[in-house]
Amino acid sequence: MKNNGLADDAKPVRRALVKSFGCQMNVYDSQRMADVASQEGYEQATNIEDADLIVLNTCHIRERASEKIYSELGKIRQLKDDRAREGRETTLVVAGCVAQAEGAEILHRQPAVDIVVGPQNYHRLPQLLRGRRRGVGSVDTEFPLEDKFDQLPASANEAIRARGVSAFVTVQEGCDKFCSFCVVPYTRGGEVSRPLAKVLAEIERLARAGVAEITLLGQNVNAYHGRGEGERSAGLADLIAAAARIPGVLRLRYATSHPNDMSDDLIRAHRDVGALAPYLHLPIQSGSDRILAAMNRRHNVRDYLDLVARVRRARPDIALSSDFIVGFPGESDADFAATLALVREVEFASSYAFKYSARPGTPAAEIDRQIDEATKAERLAALFALLEEQRLAFNRRLVGRRVDVVFGKPGRRAGQIVGRSPYMQSVHVEGDLSLIGAMATVEIVGIGPNSLIGRLVARASREMSLIA
Ligand code: 5AD
Ligand code: SF4
């Protein structure tokens, strides 16, 4: 067997690395770009130093996210120069939402970048890579008419397996909501849903390769309205019902949802579809009606609380999580106190909280009454403390209860395996490696700082064959 770093036709092996920043949708896009690179003959690199093709799949949601990209690009430039002196060429691609928002500006700020490609255009990477000329940067950030997912290679079975038993599937992209703080409608464009049959075919392929848990993704996933059978349109509840029938799909999740798009059908799916995890990420952003109006959220606190009550009636064991922004322009102490009160009323299992960060081009960035950094930091700390208290209380309440766990990998200790609860926590149990890829009922016996400790009760809970 040859092992000289040369392929059979004596071409040097080229390696690619796609580094993902930001949300789960970027993780999915990064995997699809890795599939494109693989089709173009690149092997997967494990670190940037080994990669001939480096793709940064960027995030623009908050200012710090995009600054991180520029500092990373500075480091890569150094690496690229060092390698050029050794006669090795490196191709540097900036993809994702910073690429979309800043376009050619990236080439000015960092001339080491070869290609700038927006989130709607990365299926054109092969042409961009082949067409690239040394020293000339190219930019592709148009919103094209073609469906990029149709143009992308399907993931190979080995790639699917290497990514584990949980997979993301993007079913909807873009957003028409225009919350006043958010760049997404500008960077990802308007809402577009993939056709039902295409999504189901992708899920079938994943399940056949051993994926057990699927998260359906979209910036506004519960607004999904894909082309269904014949002329009918399919909503997220239809998609969930159909996906749950695919053999091998043990658990389904979806993220992220807007409160105004929680249809009755979708709420009913939480009652009727066993595979749908009793977990809902439903961002509210603020607990003050005044701030919600300024954010252009188009719902108030009462609407949200009523919705939570309806969801809990349909599925009493459902856990909720949310996103919050503190220090939105004009947020008073009373507005912030209303956010804390809302959190106390709902009781979340886990949540994300962010300091407001003004994004150029969004309406909120133009508001005069921006909040000072110290106040933002103070509010964030207070909100974090409350959310953390609730997260730990939620975990403590699970002790003694039985939950279904989908096992994904061996634990650090021999004889231990690690899986995920319906509520997204890691669960460690003593168990056989053969359970990886399967779901089993586990009794929670203890909690760690970031995970749960359990005891196996029954394998594949749907069949209820007892282990102990
Ligand atoms: N500043 C702070 N947080 C933001 N988010 C979106 N835009 C901003 C911004 N300009 C947060 C919201 C959203 C999550 C993905 O990121 O809470 O739900
Ligand atoms: Fe941004 Fe979500 Fe609002 Fe759309 S619904 S504008 S993605 S925060």
Worksheet item: helices (runs of 4 or more DSSP H) wholly in the stretch 133-241 with at least 2 residues that are surrounded by fewer than 18 Cβ atoms within 10 Å (Cβ to Cβ) - which ones?
Response: 148-151, 157-162, 196-208
Practice prompt. Return the residue satisfying two criteria in turn: it lies in the stretch 301-350 and is surrounded by 18 or more Cβ atoms within 10 Å (Cβ to Cβ) and among the acidic types (Asp, Glu), and of such residues it is farthest from ligand 1 (Cβ to nearest atom).
Written response: ASP335
Worksheet item: Pairs, please: C-beta under 7 Å, at least 6 apart or cross-chain, first residue at positive phi and in the stretch 281-309, second within 15 Å of ligand 1 (Cβ to nearest atom) and of a type outside the set (A, V, I, L, M)?
Response: GLN285/ARG297; GLN285/ASP323; GLN285/PHE324; ASN296/PHE178; ASN296/CYS179; ASN296/SER180; ARG298/ASN260
Practice prompt. Scan the stretch 341-366 residue by residue and report those that are under 23 Å from the mean Cα position of the chain (by Cα) and within 16 Å of ligand 2 (Cβ to nearest atom).
Written response: SER351, TYR352, ALA353, PHE354, LYS355, TYR356, SER357, ALA358, ARG359, THR362
Fill in: Positions within the stretch 270-302 being away from ligand 2 (no atom under 16 Å from the Cβ) and within 22 Å of the chain's Cα centre (by Cα), in sequence order
HIS270, ALA275, LEU276, ALA277, PRO278, TYR279
Discussion item. Yes or no: the stretch 378-399 includes at least one residue that is away from ligand 1 (no atom under 12 Å from the Cβ) and at pLDDT below 95.
Written reply: no
Discussion item. I need every pair where a residue in the stretch 383-405 that is in a helix (DSSP H, G or I) has its Cβ under 7 Å from the Cβ of a residue that is among the hydroxyl-bearing types (Ser, Thr, Tyr) and surrounded by fewer than 21 Cβ atoms within 10 Å (Cβ to Cβ), sequence separation at least 6 or different chains.
Written reply: ARG391/SER350
Discussion item. Is it the case, given these coordinates, that ARG188 is over 20 Å from ASN26 (Cβ atoms) and either within 16 Å of ligand 1 (Cβ to nearest atom) or basic (Lys, Arg) (or both)?
Written reply: no
Fill in: One residue from SER71, SER38 being surrounded by fewer than 22 Cβ atoms within 10 Å (Cβ to Cβ), outside any strand (DSSP E or B) and free of Cβ contacts under 8 Å to residues at least 12 places away in the same chain
SER71
Fill in: Residue list for the stretch 78-96, filter: touching a strand residue (DSSP E or B) at 6+ places or on another chain (Cβ under 6 Å) and either over 13 Å from GLN110 (Cα atoms) or at pLDDT below 95 (or both)
THR91, ALA95, GLY96
Worksheet item: In the stretch 282-291, which residues are buried (at least 21 other Cβ atoms within 10 Å of the Cβ) and closer than 16 Å to SER257 by Cβ?
Response: LEU282, ILE284, GLN285
Fill in: Residue check, ARG369 modelled with pLDDT under 95, away from ligand 2 (no atom under 16 Å from the Cβ) and under 25 Å from GLN285 (Cβ atoms)
yes
Practice prompt. Could you grab me the full set of residues in the stretch 99-113 that are buried (at least 20 other Cβ atoms within 10 Å of the Cβ) and farther than 15 Å from VAL18 by Cα?
Written response: GLN100, ALA101, GLU102, ILE106
Worksheet item: Within the stretch 110-131, is even one residue among the acidic types (Asp, Glu) and in contact (Cβ under 8 Å) with a residue 12 or more places away in the chain?
Response: yes
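The values are calculated or read from the model by the stated rules, or taken from the named source; none is laboratory data. Keep in mind that what you see is a predicted model, and the values were worked out from it rather than measured. Positions of Cβ are backbone-derived with ideal geometry, glycine not excepted, and every protein chain shown enters the neighbour counts.
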